[in-house]
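Here is the structure we will look at.
The values are calculated or read from the model by the stated rules, or taken from the named source; none is laboratory data. These numbers were taken from a predicted model, which means no experiment stands behind them. Please note: Cβ atoms are built from the backbone with ideal geometry, for glycine as well, and neighbour counts cover all protein chains shown. These accessible areas exclude ligands, DNA and RNA; they are computed on the full protein's heavy atoms, side chains included. Shrake-Rupley method; radii C 1.70, N 1.55, O 1.52, S 1.80 Å.
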Amino acid sequence: MFSKPEAGWVDINIGNYEISASYLTDIPMDFLNSLINSLENNLPFSVFIDEEGIENILCAYYHGVFIITMDGSNVEYKKIDMDFNTFRIEVVKDIEIYFNEWINWKINDNPPILKSREIELRNKLSIAKEKLKKHI
């Protein structure tokens, strides 16, 4: 679902739909926070994604993945047939695969900040993985 994050950008491919997300939103933290909330409270998954000029709201629940795209005054709605648990598994898997790249997602070279981010990201990923086990 996620390409390899590079220079503050990542492509998010869901079905045949692609979002080019920028560092203006904290993709790994936002996705993990929403995933944890979804798993803990049986709620839909929901995140805001900034493409620098185009904004997306991505929601996932038992009926599929829904994307609302806003480009100025133009609003589009997309529905992608994807199993909710498959979606949640993909989020965890792709954050885990590119873990080192996600640490530096915000393009920061300050070692204490990067170490703190690594710890926070690892903790959220661990929580998400543990909670996901109970749903699959």
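Figures for the structure shown
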item	result
Criterion violated by residue 3 - all others in (1) touching a helix residue (DSSP H, G or I) at 6+ places or on another chain (Cβ under 7 Å); (2) closer than 21 Å to residue 129 by Cα; (3) of a type in the set (Gly, Ala, Ser) satisfied	(1)
Pick from the range 93-136, criterion acidic (Asp, Glu) and closer than 30 Å to residue 83 by Cβ, ranking: least open to solvent (accessible area, probe 1.4 Å)	94
Lone qualifier among 89, 19 - being assigned to a strand (DSSP E or B) and of a type in the set (A, V, I, L, M, F, W, C)	19
Any hit, the range 30-44, residues being surrounded by 17 or more Cβ atoms within 10 Å (Cβ to Cβ) and either of a type in the set (Asp, Glu) or farther than 17 Å from residue 135 by Cβ (or both)	no
Check on residue 89, surrounded by 15 or more Cβ atoms within 10 Å (Cβ to Cβ) and without any contact (Cβ under 8 Å) to a residue 40 or more places away in the chain	no
Residue in the range 57-80 that is surrounded by 15 or more Cβ atoms within 10 Å (Cβ to Cβ), in a helix (DSSP H, G or I) and not aliphatic (A, V, I, L, M) present	no
Meets criteria (open to solvent by less than 60 Å² (accessible area, probe 1.4 Å) and either in contact with a strand residue (DSSP E or B) (Cβ under 6 Å, 6 or more places away or on another chain) or not basic (Lys, Arg) (or both)) for residue 48	no
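To keep it simple, each residue is scored yes or no on (1) touching a residue at least 12 places away in the same chain (Cβ under 8 Å); (2) closer than 17 Å to residue 12 by Cβ; (3) not aromatic (Phe, Trp, Tyr).
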{"residue": "76", "(1), (2), (3)": "no, yes, yes"}
{"residue": "85", "(1), (2), (3)": "yes, no, yes"}
{"residue": "113", "(1), (2), (3)": "no, no, yes"}
{"residue": "124", "(1), (2), (3)": "yes, no, yes"}
{"residue": "129", "(1), (2), (3)": "yes, no, yes"}
{"residue": "134", "(1), (2), (3)": "yes, no, yes"}
